[in-house]
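Just so you know, all these numbers are worked out from the coordinates, no wet-lab data involved. As the structure is a computational prediction, the values presented were derived from the model and not from experiment. Neighbour counts are summed over all protein chains in view; Cβ atoms, including those assigned to glycine, are modelled from backbone coordinates with ideal geometry.
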Amino acid sequence: MDEADRFNSTLSELASTGGFRGAVRLESGGSTLLDAAFGADGAGTPLTTDTAFQLCSISKSFTAACVLRLVESERLSLDDSLASFTDLGPPAWHEITLHMLLTHTSGLAHWKDTGLDLHEPRPREELIARFAATPPKFEPGKGWAYSSLGYVLLAHVVETATREPYPSVLEREVLSPLGLRQTRAEEPAAHVAAAHGSRGGEPVPSFDLRVNIGTGDVWSTTGDLVRWPDALASLAPSAFSRQAAVADEEDGLTDVGYGYGWFTASLDGKPIVFHPGDNAGFVSLLVWAPDRDLVLAMLAADQIDLAALALPAFRGLIQGKEAAGG
C-alpha cells in the first residue's frame, strides 16, 4: 500500500466514526493520486468531490493575488499607505503600507481582539471604525502578528481603487483568467452544491461572509483548489516570496515565514507553501511542495485539526518521491 492509499484508508476510518466530513484531493506531477469525499455535512447531505466549501483563511491567498494584479497594472503600489484609502483610521495608519497588510507586519490586531460577533452583518464603515479603535500589537513594520483585519482592509482598498465590488474584481483579475469556475467570493458558484458547516456533525451557523470579505469569504472545491498554487505561480509568482519571519519551528515545520497571502516553510528540508483556514463550521488546508510538484487540498464541513492528519501523509509522500528519484 502506498502513502496515498494509506491516507485514504485513514480518512475512511475516521469518516466511519464521524471524525472526518469533507473532501480531499492529492496530485503529483499532474496525476491525481487521491480524489475522494467522506461523510455528510451539517444538513445531513452526503459530501461529494464536487461540493463547494468555505475556504476560510485560504481566501487570503486570493485577496493577495488580486492586490498583486492591481499592482502589476499600476492601479496600486505595495508602498501605498492604508490611510490613502480611508479616513477612519488613527494617525498610525499613515505608516501602514499595503505590503505590511499583505504580510501581517502592520501591527493590526486579529478578530478576537475586536469583540465582534462574526455572524452579525455590519456596515463596512462600522467595521473599519472598530478596527481603528482596537489597540495594535506593535508599531507598523516592527513585528509579525496574524491579522484578518488587515485582509478585510485590503478588500476595501481593492474596492476603493477600482470602484467595483471586491468579488467582481477578484473574478475578473484572478478567477476568470485562471479558469477557476467553481470558485467565488461571498457565495458559491451557482452550478455547484454548497456544504453546510458543522461541529461534530451538528449544524453551525455560518459567519457573515461580507463581514469576512477578503479574509475568509471564498468558496471553492478541491478540484479548483488543488490547481490554485501552480496557476497562481504563472499569474503572480511573487505571492510565494518569503517576506517576513514567523517562527523557527512550528508543528514539525522549520523556517516558517509569510509571503503575500501564503505561509512558507521547510518540511524535512524541502520548501513548501501552505495556508490553513478556520471558519464557523468549516476548516481548510492547502499544501504545495513546488520542487516535488506535489499538492494537497483538504476541505471539511466540520471543525477538526487537518494539519495533524495531512502533514504526516505529506511528509511520507515527499519521502516516497525522493526514494523513487522523483
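For the chain, what does the helix formula give at 222 nm: sum of -39500 (n - 2.57) over DSSP H segments with n ≥ 4, over the residue count, nearest 500 deg cm²/dmol? All intermediate terms of the calculation are to be shown ahead of the outcome.
Numbers: 9 runs with 94 residues, N = 326.
Computed mean residue ellipticity for the chain: -8500 deg cm²/dmol.
Students often check this: by mean Cβ neighbours within 10 Å, which of 11-18, 270-277 ranks highest, and how do the rest follow? Intermediate values should be presented prior to the final figure.
Details: 11-18: 14.5, 270-277: 21.4.
Peptide ranking by packing, descending: 270-277, 11-18.
Only Cα pairs within less than 10 Å get springs; with that Gaussian network setup on the chain, which residue of 77, 31, 57 has the largest fluctuation?
With Cα springs under 10 Å in the chain, the top fluctuation among 77, 31, 57 is at 31.
Tabulate in residue order the Karplus-calculated ³J(HN,Hα) for segment 285-301, using 6.51 cos²θ - 1.76 cosθ + 1.60 with θ = phi - 60°, rounded to whole Hz; enter x for Gly and Pro.
7, 10, 10, 9, 10, x, 5, 10, 6, 10, 9, 10, 10, 10, 10, 10, 9
Considering Cα pairs under 8 angstrom that are at least six residues apart, work out the relative contact order of segment 63-166 and quote it in whole percent.
Values: 137 pairs, mean separation 34.3, N = 104.
It comes to 33 percent, rounded to a whole number.
Contour minus end-to-end for residue 138 and residue 81, with contour as 0.36 nm per residue of separation and end-to-end as the Cα-Cα distance? Intermediate values should be presented prior to the final figure.
Numbers: separation 57, 0.36 × 57 = 20.52 nm, distance 1.70 nm.
Extra length available between residue 138 and residue 81 comes to 18.8 nm.
Among 316, 64, 274, which residue has its Cα furthest toward the positive end of the charge dipole of the chain, with +1 on Lys/Arg Cβ and -1 on Asp/Glu Cβ?
Highest projection toward the positive end goes to 64.
Ranking request for peptides 212-221, 191-200: highest mean number of other beta-carbon atoms within 10 Å first, then the rest in descending order. Before the final figure, lay out the partial values.
Numbers: 212-221: 28.1, 191-200: 18.5.
Highest mean packing first, the order is 212-221, 191-200.
From the residues 96, 128, 116, which one has its Cα farthest along the dipole of segment 63-166 in the positive direction, the dipole being from +1 and -1 charges on Cβ of Lys/Arg and Asp/Glu about the Cα centre?
The residue sitting most towards the positive pole is 116.
Long-range amide H contacts for residue 40: which residues qualify at under 5 Å (H placed 1.01 Å from N, peptide plane, sequence gap of 5 or more or a different chain)?
Distant-sequence amide H within range of residue 40: 47.
Any aspartates and glutamates with Cα under 17 Å of the residue 112 Cα? List them, leaving off those in the same chain fewer than 8 positions away.
120, 126, 208, 278
Mind putting together the pair-distance distribution for the chain? All Cα pairs, 20 Å bins, whole percent per bin, short to long.
Using 20 Å bins, I get a P(r) of 33, 59, 8 for the chain.
What is the Cα centroid distance between segment 147-210 and segment 61-133, reported in whole angstrom?
Comparing the Cα centres of segment 147-210 and segment 61-133, I get a distance of 16 Å.
What are the equivalent ellipsoid semi-axes of segment 63-166, built from the alpha-carbon gyration tensor (square roots of five times its eigenvalues), in whole angstrom, biggest first? Present the calculation step by step, with values, prior to reporting the outcome.
Numbers: eigenvalues 81, 55, 29 Å².
Those come to 20, 17, 12 Å.
DSSP H helices in the chain with Cα extent of 15 Å or more along the helix axis and mean Kyte-Doolittle hydropathy at least -0.5? Let's see the in-between values first.
On the way: long enough: 3-16 (20 Å, -0.54); 59-72 (20 Å, 0.76); 148-162 (22 Å, 1.13); 306-323 (26 Å, 0.76).
Both cut-offs are met by 59-72, 148-162, 306-323.
Could you state, as a whole-number percent, how many of the C-alpha pairs of segment 13-128 are farther apart than 18 Å? Each step should come with its number before you reach the end.
Working: 4669 of 6670 pairs.
That tail contains 70 percent of the Cα-Cα pairs.
Which FRET efficiency, nearest 0.05, do residue 92 and residue 247 yield, Cβ-Cβ r, R0 25 Å? Display every interim value, and only then the final one.
Numbers: r = 26 Å, r/R0 = 1.02.
Result of the calculation: an efficiency of 0.45.
Taking the Cα centroid of segment 27-47 and of segment 6-24, what is the distance between the two, rounded to the nearest whole Å?
10
Taking θ = phi - 60°, what integer Hz values does the Karplus form 6.51 cos²θ - 1.76 cosθ + 1.60 yield along segment 266-278, in sequence order, with x for Gly and Pro?
For segment 266-278, the Karplus-derived couplings read 10, 10, 6, x, 9, x, 9, 10, 7, 7, x, x, 8 Hz, x marking Gly and Pro.
Roughly how big is the chain's charge dipole about its Cα centre, with Cβ charges of +1 (Lys, Arg) and -1 (Asp, Glu), in debye to the nearest 20? Write down the numbers at each step before the final one.
On the way: 24 positive and 43 negative charges, 50 e Å.
Here the size comes out at about 240 debye.
Relative to the Cα centre, what is the charge dipole magnitude of segment 1-112, using +1 at the beta carbon of each Lys and Arg, -1 at the beta carbon of each Asp and Glu, and rounding to the nearest 20 debye?
Values: 7 positive and 14 negative charges, 60 e Å.
Computed charge dipole of segment 1-112: roughly 280 debye.
Lys and Arg at +1, Asp and Glu at -1: add these up for the other residues within a Cβ distance under 14 Å of residue 69 and post the number. Walk me through the numbers on the way to the answer.
Numbers: positive: 75, 172; negative: 72, 74, 164, 171, 173.
Spelling it out: positives minus negatives among the neighbours equals -3.
Note down the nm distance, to one decimal, between modelled labels 7 Å out along Cα→Cβ at residue 6 and at residue 305.
Distance between the two pseudo-spin positions: 1.9 nm.
Let's test the formula: R0 of 51 Å, r as the Cβ-Cβ distance of residue 254 and residue 45. What FRET efficiency results, to the nearest 0.05? Write out the running numbers ahead of the final one.
Details: r = 40 Å, r/R0 = 0.79.
Once rounded, the FRET efficiency stands at 0.80.
Give, as a single signed number, the net charge of other residues whose beta carbon lies under 12 Å from the beta carbon of residue 227, with Lys and Arg counted +1 and Asp and Glu -1.
Details: positive: 25, 181; negative: 27, 224, 230.
Summing Lys and Arg as +1 and Asp and Glu as -1 gives -1.
Residue separation times 0.36 nm, minus the C-alpha to C-alpha distance between residue 233 and residue 293: what's the value? Don't jump to the answer; show the numbers that get you there.
Details: separation 60, 0.36 × 60 = 21.60 nm, distance 1.22 nm.
Gain in length upon complete extension: 20.4 nm.
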